[in-house]
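The values are calculated or read from the model by the stated rules, or taken from the named source; none is laboratory data. A quick note: this is a predicted structure, and the numbers were derived from the prediction, not measured. Here Cβ is always computed from backbone atoms with ideal geometry, including for glycine, and neighbour counts include all displayed protein chains. Ligands, DNA and RNA are excluded from the accessible area calculation, which covers all protein heavy atoms including side chains. Shrake-Rupley method; radii C 1.70, N 1.55, O 1.52, S 1.80 Å.
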Amino acid sequence: MCIRDRYQRRVHGEKLQKMQRTKANERIIEEKMQSLLKELKLPPEYPDYSTAEYWNRRYFDQSDAAYEWYVNYEELRLIIRRTLTMEDPEILNVGCGNSDFSASLYADGFVNITNIDFSAKVIDLMSDKHKIREEMDFAVMDVRAMEFPPDCFDAIIDKATLDCVFASRDAETDVPRAIQGIYTCLKPGGVYFCVSNAAPDRRFPFLKLASFHWTIDVLELRKPKIDVLTEVEENEVYFLSLIHISEPTRLLSISYAVFCL
């Protein structure tokens, strides 16, 4: 056997071993994710936070009163300014609700902001409220079925939106769709700011798949007592995950098979 044949045989063997390890790891991850999804199911008396119907009713009752989930802009301002150092970054705010967060971003000089929410009621309210901010856009869109092209945004802001997707009755398919959409529309070098009420070990199995080439840093943000989800999550802090796309090119789709029953 010549040297080239021995080399190719060795490389083939190494690739086969790597594939076998990857499949074994995916099975472990799948089992962990299914276990977490069962643990994270909300009690039946809780509303389904993952439906547009619930939020349309809520925003109709709240009218145009702003509500800030978890943290306001001032609490994240220093982190955002230190992280978004590129010129005129394109920012996506997923599940914007009726928060003043994007308005504060705009006032601080980050004007290229797209806000999405699947509640048509709140998008109508916010479009009218912020019509003087000409470079800020609003669109009715579900984070689980985003319609943006790949590599579109430098930053994605998510305060409680992924938490709401985890509360879905169909979390097994909704969670991977949301994360895949976020990953796909982030530019290489982009950052996903994810503020969650859940501890990192409840989210990392879903975010650390081999198909996602990003790095994750976690900061703890001290929180006040809230009247929503406190019986489900008893952490004394919120968790801000700074998730950076790390490579210049990447695959834009993955199989959802590892998430599904």
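Conditions tested, residue by residue: (1) closer than 20 Å to Cys96 by Cα; (2) surrounded by 22 or more Cβ atoms within 10 Å (Cβ to Cβ); (3) touching a helix residue (DSSP H, G or I) at 6+ places or on another chain (Cβ under 6 Å).
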position	(1), (2), (3)
Val165	yes, yes, yes
Ser168	yes, no, yes
Thr173	no, no, no
Ile182	yes, yes, no
Gly190	yes, yes, no
Asp201	no, no, no
Pro205	no, no, yes
Lys208	no, no, no
Trp214	no, no, no
Can you tell me how many residues within the stretch 69-108 are open to solvent by 60 Å² or more (accessible area, probe 1.4 Å), in contact with a Ser or Thr (Cβ under 8 Å, 6 or more places away or on another chain) and of a type in the set (Val, Ile, Thr)? 0
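Can you pull out every residue in the stretch 111-122 that is more than 16 Å from the chain's Cα centre (by Cα) and crowded, with 21+ Cβ neighbours inside 10 Å?
Pass one, the stretch 111-122, residues more than 16 Å from the chain's Cα centre (by Cα): 111-113, 119-122.
Matches in the stretch 111-122: Ile113, Ser119, Val122.
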Give me the pairs: first residue in the stretch 146-163 and more than 24 Å from Tyr70 (Cβ to Cβ), second residue assigned to a loop (DSSP other than H, G, I, E, B), beta-carbon distance under 7 Å, and six or more apart or on different chains, which are they? Glu147/Met141; Pro150/Leu252; Cys152/Glu90
I want to confirm something. Restricting to the stretch 234-248 and keeping residues that are hydroxyl-bearing (Ser, Thr, Tyr) and closer than 15 Å to Val191 by Cα, which single residue is modelled with the lowest pLDDT? Ser246
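Within the stretch 126-143, count every residue that is buried (at least 21 other Cβ atoms within 10 Å of the Cβ) and either farther than 24 Å from Glu87 by Cβ or touching a residue at least 40 places away in the same chain (Cβ under 8 Å) (or both).
Residues of the stretch 126-143 that are buried (at least 21 other Cβ atoms within 10 Å of the Cβ), as a first pass: 126, 136, 138, 143.
Applying the additional criterion that residues be either farther than 24 Å from Glu87 by Cβ or touching a residue at least 40 places away in the same chain (Cβ under 8 Å) (or both) yields 126, 138, 143.
Summing the residues that are buried (at least 21 other Cβ atoms within 10 Å of the Cβ) and either farther than 24 Å from Glu87 by Cβ or touching a residue at least 40 places away in the same chain (Cβ under 8 Å) (or both) in the stretch 126-143 gives 3.
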